[in-house]
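Engineer: The structure under discussion is supplied below as structure tokens; questions concerning it will follow.
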């Protein structure tokens, strides 16, 4: 998902910091694929959350004057203060502002990604392409085994 949001051909203007903050605040794991967020219809609850949160984060960043990480200043020579509002970016090893779990850092597409494995709903997930005639059987089998393995997301695409 993160790579899709950073792709300027898909969404222009979002950088690494903002994407980390957007995904965290929308409760979407950065490990999810864009396809699993969009689903078959393309407009899911997750997509709506990411869209609304993108707007909110950008407005908050503009109001704060941007993100001064090293030497960024605005046209008047002033620092931006959005960095004071970071909930995950640059906070590896610190407690999550939502749940007290520890913020983690991974590298995706050569960029640091900061996230909370609990607040970002990071559940292991399984994505399968299944023939229609076996979907019901897989769902039943999955329901039985989920109790054994703990929370797990199953997403599938029906193929013909």
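Engineer: Can you confirm whether region 81-100 contains a residue that is modelled with pLDDT under 75, in a loop (DSSP other than H, G, I, E, B), assigned by TED's automatic domain parsing to the domain that holds residue 26 and surrounded by 17 or more Cβ atoms within 10 Å (Cβ to Cβ)?
Structural biologist: No, the conditions are met nowhere in region 81-100.
Engineer: With modelled with pLDDT under 90 and part of a loop (DSSP other than H, G, I, E, B) as the only criterion, which of 9, 31 stands out?
Structural biologist: Unique residue meeting the criteria: 31.
The values are calculated or read from the model by the stated rules, or taken from the named source; none is laboratory data. Because the structure is a prediction, the values reported are computed rather than measured. Positions of Cβ are backbone-derived with ideal geometry, glycine not excepted, and every protein chain shown enters the neighbour counts.
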